2 protein chains.
Amino acid sequence: MRMFNRVVIFGTGLIGGSLGLALKEKKLARQVIGLSRHKKNAELAKRLGAIDKVATTLEPIAGADLVILAAPINTIMEIAPKISGRLNKKCLVIDVGSTKNEIVSKLNTLIPGFVGCHPLAGSEKKGIVHAQKNIFAGSLCVITPNAKTQKSSFNKAKLLWQKLGAKILVLSPKKHDQILSFTSHLPHVIAFSLTSCIPDKFFNISSGGLKDVTRISGSDASLWSEIFLSNRQNLLRSISTFQTKLAKLKLALRQKDKRNLKKILSAAKTKRERLG
Amino acid sequence: MRMFNRVVIFGTGLIGGSLGLALKEKKLARQVIGLSRHKKNAELAKRLGAIDKVATTLEPIAGADLVILAAPINTIMEIAPKISGRLNKKCLVIDVGSTKNEIVSKLNTLIPGFVGCHPLAGSEKKGIVHAQKNIFAGSLCVITPNAKTQKSSFNKAKLLWQKLGAKILVLSPKKHDQILSFTSHLPHVIAFSLTSCIPDKFFNISSGGLKDVTRISGSDASLWSEIFLSNRQNLLRSISTFQTKLAKLKLALRQKDKRNLKKILSAAKTKRERLG
């Protein structure tokens, strides 16, 4: 028996589309229905085999046993009250938003079967054309229950991600947002700022290093503005922490303090090597 | 006829070793001799086929028609006066250092046949074990003559890099250092600082973005301390430029100014997309 009868995916972009492909590949759903704010995206998702059917209204939700909210944060926040009254009582609802506290606080109140999730499997690329069925295999998925989360829904969400090949990490929404402000949102802030500050005519006189450091500054501006604002307090703090470290390195350089400079670089190198 | 009879490579690490492999692959040299501060590195370079012979003294320089200085900046600066008196009058001497003003100012005075070069083909990895014969193919090599550079030596250096498959860009040493302070040294400063500021226990709760941004913080601490100090004035300025951009993004975030935030991110994205 398939794990789900009808799955509805809101947002048939990179993550939503990849989930559709993965669900079908693993035969976890009898039917996958896709909804997008831009109808042609959903139509393309259908042609690419990520969904079976394009929906244009919220009606198919009534018969769904899994609803996946794979839209930008603000869209998730707006859509939740519109779907909450239409859901089957036993329907599992998950999101894949990059911040969790704001979303989980609101959605766990509105939707009994909601479980906040964050698969760490994105890319700077956007849209259904970059969707791939295997992006979750071997990746990390953070599940962020709060006091209102139903145990049965949590277990089902966990099983789903495991079947997609993801390793599971359970964190509170607050802890998730604190950690990701350092390991995802700050690196994006830095990449955008670095790309901004390099004079246009210098940009191509570079090697692989610059490409790597700035790759994620090719990420979608609207999506990431929402992520930054949704995790504003944590991110302001992590930016400050970074600014302090950068100022220390700059001071060592200004003072021609080679010993201290080497010490700073060496500690970073050792830490980085652990990440693999 | 081979382009060179005897080539001596000082420093049989990633770049020196890759040059040895490429020279032999392209049959540009009859004999390649390697010298290293650490004899076992040169011996390994020989076993890996990057050089034909290990030298333990400066003696082989007398018969060389190409000497490649592929050592860290300070070592290049120290070794130059020791080899200048031993060189054949027609010998071409090139370096591959990451900064150029300091090196070219000194070496173009000491060595008539010197031509400053910077192949933008490195990696965060270090050592002969990571050397590859094809790292220069399709890469950019900046050649940095000054008023003292001999035209014939410049032409020979240019031809050599072209034969290795590199695209050539000619810049003054000062311009090179100004540009690279933005496109190479600053990204390294930022990567080291970012890695430093992330709490240890958070580091693995991340996706590909963090890996990319911090990859070059796995670079050698000693080598990069020397590079930073050798380009100190430019780098202090480029760090300041970055700090200003970062502060602007932070302010937009603090003020919840979504429109401005999106504008900053969007401009960076457009610029980054041009890099490919």
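Observations
- Selection within the stretch A:246-268 - in contact (Cβ under 8 Å) with a residue 12 or more places away in the chain and either closer than 22 Å to B:Leu251 by Cα or within 30 Å of the chain's Cα centre (by Cα) (or both): A:Lys248
- Candidates are the residues of the stretch A:144-185 that are of a type in the set (A, V, I, L, M) and more than 14 Å from chain B (Cβ to nearest Cβ); the one that is farthest from B:Asn204 (Cα to Cα) is A:Ala147.
- The sole residue among B:Phe192, B:Phe202, B:Phe242 that is over 23 Å from A:Asp257 (Cβ atoms), at the interface with another protein chain (Cβ under 7 Å from one of its Cβ atoms) and either among the aromatic types (Phe, Trp, Tyr) or in contact (Cβ under 8 Å) with a residue 40 or more places away in the chain (or both) is B:Phe202.
- Among (1) within 13 Å of chain A (Cβ to nearest Cβ); (2) modelled with pLDDT under 95, the one test that B:Val96 misses: (2)
Residue-wise test of (1) within 20 Å of the chain's Cα centre (by Cα); (2) touching a residue at least 40 places away in the same chain (Cβ under 8 Å); (3) more than 23 Å from A:Leu223 (Cβ to Cβ); (4) in a helix (DSSP H, G or I).
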position: A:Arg30; (1), (2), (3), (4): no, no, yes, no
position: A:Ala45; (1), (2), (3), (4): yes, yes, no, yes
position: A:Ala50; (1), (2), (3), (4): yes, yes, no, no
position: A:Ile61; (1), (2), (3), (4): no, yes, yes, yes
position: A:Ala80; (1), (2), (3), (4): yes, no, no, yes
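- For B:Gly97, the conditions (1) more than 21 Å from the chain's Cα centre (by Cα); (2) part of a loop (DSSP other than H, G, I, E, B); (3) of a type outside the set (S, T, N, Q) are fulfilled apart from (1).
- Only one of the numbered conditions (1) more than 7 Å from chain A (Cβ to nearest Cβ); (2) among the basic types (Lys, Arg); (3) closer than 30 Å to B:Glu78 by Cα is not met by B:Arg232, and that is (1).
- Scanning the stretch A:1-24 for residues that are out of contact with any Pro (no Cβ under 8 Å at 6 or more places or on another chain) and over 21 Å from A:Ser123 (Cα atoms) yields A:Met1, A:Arg2, A:Met3, A:Phe4, A:Asn5, A:Val7, A:Lys24.
- Residues satisfying the stated conditions in the stretch A:145-192, i.e. β-branched (Val, Ile, Thr) and either closer than 21 Å to A:Ser238 by Cα or surrounded by fewer than 16 Cβ atoms within 10 Å (Cβ to Cβ) (or both): A:Ile168, A:Val170, A:Ile179, A:Thr183, A:Val189, A:Ile190
- Applying a threshold of 6 Å to beta carbon distances and a minimum spacing of six or more residues, or different chains, the list of pairs starting in the stretch A:205-229 at a residue that is at the interface with another protein chain (Cβ under 7 Å from one of its Cβ atoms) and ending at one that is β-branched (Val, Ile, Thr) and assigned to a helix (DSSP H, G or I) reads A:Ile205/B:Ile179; A:Ile205/B:Thr183; A:Ser206/B:Thr183; A:Gly209/B:Ile216; A:Leu210/B:Thr183; A:Val213/B:Val213; A:Thr214/A:Thr195; A:Ser217/A:Thr195.
- Within the stretch B:253-276, restricting attention to residues that are facing chain A (nearest Cβ under 9 Å) and within 17 Å of A:Ser240 (Cα to Cα), the residue that is surrounded by the most Cβ atoms within 10 Å (Cβ to Cβ) is B:Leu253.
- Of all the residues in the stretch A:63-78, those that are within 16 Å of A:Gly16 (Cβ to Cβ) and outside any helix (DSSP H, G or I) number 8.
- Positions within the stretch A:100-128 being more than 13 Å from chain B (Cβ to nearest Cβ) and of a type outside the set (A, V, I, L, M), in sequence order: A:Asn101, A:Glu102, A:Ser105, A:Lys106, A:Asn108, A:Thr109, A:Pro112, A:Gly113, A:Phe114, A:Gly116, A:Cys117, A:Gly127
- Among the residues of the stretch A:83-90, none qualifies, meaning not one is within 14 Å of chain B (Cβ to nearest Cβ) and under 28 Å from A:Lys40 (Cα atoms).
- Each residue in the stretch A:33-68 was checked for being among the polar types (S, T, N, Q) and closer than 30 Å to A:Asn155 by Cβ, and 1 of them qualify.
- Every listed requirement among (1) at pLDDT below 95; (2) assigned to a loop (DSSP other than H, G, I, E, B) is met by A:Lys40 save one, (2).
- Only one entry in B:Leu140, B:Leu92, B:Leu120, B:Leu107 is among the hydrophobic types (A, V, I, L, M, F, W, C), in the same structural domain as B:Leu48 (by TED's automatic domain parsing), closer than 22 Å to B:Phe242 by Cβ and touching a strand residue (DSSP E or B) at 6+ places or on another chain (Cβ under 6 Å), namely B:Leu120.
- Picking from residues in the stretch B:129-143 that are away from chain A (no Cβ under 12 Å) and under 13 Å from B:Ser18 (Cα atoms), the one that is surrounded by the most Cβ atoms within 10 Å (Cβ to Cβ) is B:Ala131.
- With respect to (1) among the charged types (D, E, K, R); (2) in contact with an Asp or Glu (Cβ under 9 Å, 6 or more places away or on another chain); (3) modelled with pLDDT of 95 or more, the lone exception for A:Arg274 is condition (3).
The values are calculated or read from the model by the stated rules, or taken from the named source; none is laboratory data. Just so it is clear, the structure is predicted and the values come from calculations on it, not from any experiment. Glycine gets a Cβ as well: all are built from the backbone with ideal geometry, and neighbour counts include every protein chain shown.
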